[in-house]
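First up is the structure itself, then whatever we jot down about it.
The values are calculated or read from the model by the stated rules, or taken from the named source; none is laboratory data. Please read these numbers as outputs of a predicted model, since none were measured by experiment. All Cβ positions, even for glycine, are placed from backbone atoms using ideal geometry, and neighbour counts span all protein chains on display.
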């Protein structure tokens, strides 16, 4: 079942869209916190986004551009602002289509179906991300984003973070991490893992992420 995220400040219109799309069996989620749309997107991982231009705090152009940093998910702008400049800006920021208010629900549904069919029928990889406390790990391009800052991760850094962020609150033993990093019979000096973790911590600190990975003496590492 496809999941669609609706980012619309007009509660009445939002309700109408939900009612119209629910008839087609879509899994719908509506943004309530307009100050943290990016993290809501990461948490919900929708297959398609419907977004207005006029939103509280930041406009739809801003959030579209933020989403595009980590995902190629289809984005449809839905707005009463219909000048050529608005439409051009929507596409420039990463939008895939533009529907002008007032609109026909039938037209919107047709566009959604066409876009989902075109994008997902060919198995396009739209990105796989994990978020925790504002730290966003993009698995597909081996990058990490925090407060507008972005760093590229080495293969081992990605593997360490992926394991820890998939197991938030759980202590992962050093032996388990080493088995994942070096999945062969080669002998690995225990200090090699320490070096990798220390380098990762330094990379995180360079973009303002401190004490993200905790050491549990005699047990392993954990992200809380």
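Residues of segment 199-215 being free of Cβ contacts under 8 Å to residues at least 60 places away in the same chain and either more than 20 Å from residue 170 (Cα to Cα) or surrounded by 12 or more Cβ atoms within 10 Å (Cβ to Cβ) (or both), which ones?
The first filter runs over segment 199-215 and keeps only residues free of Cβ contacts under 8 Å to residues at least 60 places away in the same chain, leaving 199-203, 205-206, 210-211, 213-215.
Across segment 199-215, the qualifying residues are 199, 200, 201, 202, 203, 205, 206, 213, 214, 215.
The conditions are (1) under 29 Å from residue 161 (Cβ atoms); (2) not assigned by TED's automatic domain parsing to the domain that holds residue 150, and residue 134 fails exactly one of them. Which is it?
Residue 134 satisfies all of (1) under 29 Å from residue 161 (Cβ atoms); (2) not assigned by TED's automatic domain parsing to the domain that holds residue 150 except (2).
Filter segment 45-59 down to residues that are under 24 Å from residue 120 (Cα atoms) and either loosely packed, with under 15 Cβ neighbours inside 10 Å or modelled with pLDDT of 95 or more (or both), then give me how many there are.
Total satisfying the criteria: 5.
Could you grab me the full set of residues in segment 14-23 that are in contact (Cβ under 8 Å) with a residue 24 or more places away in the chain and out of contact with any helix residue (DSSP H, G or I) (no Cβ under 6 Å at 6 or more places or on another chain)?
16, 17, 21
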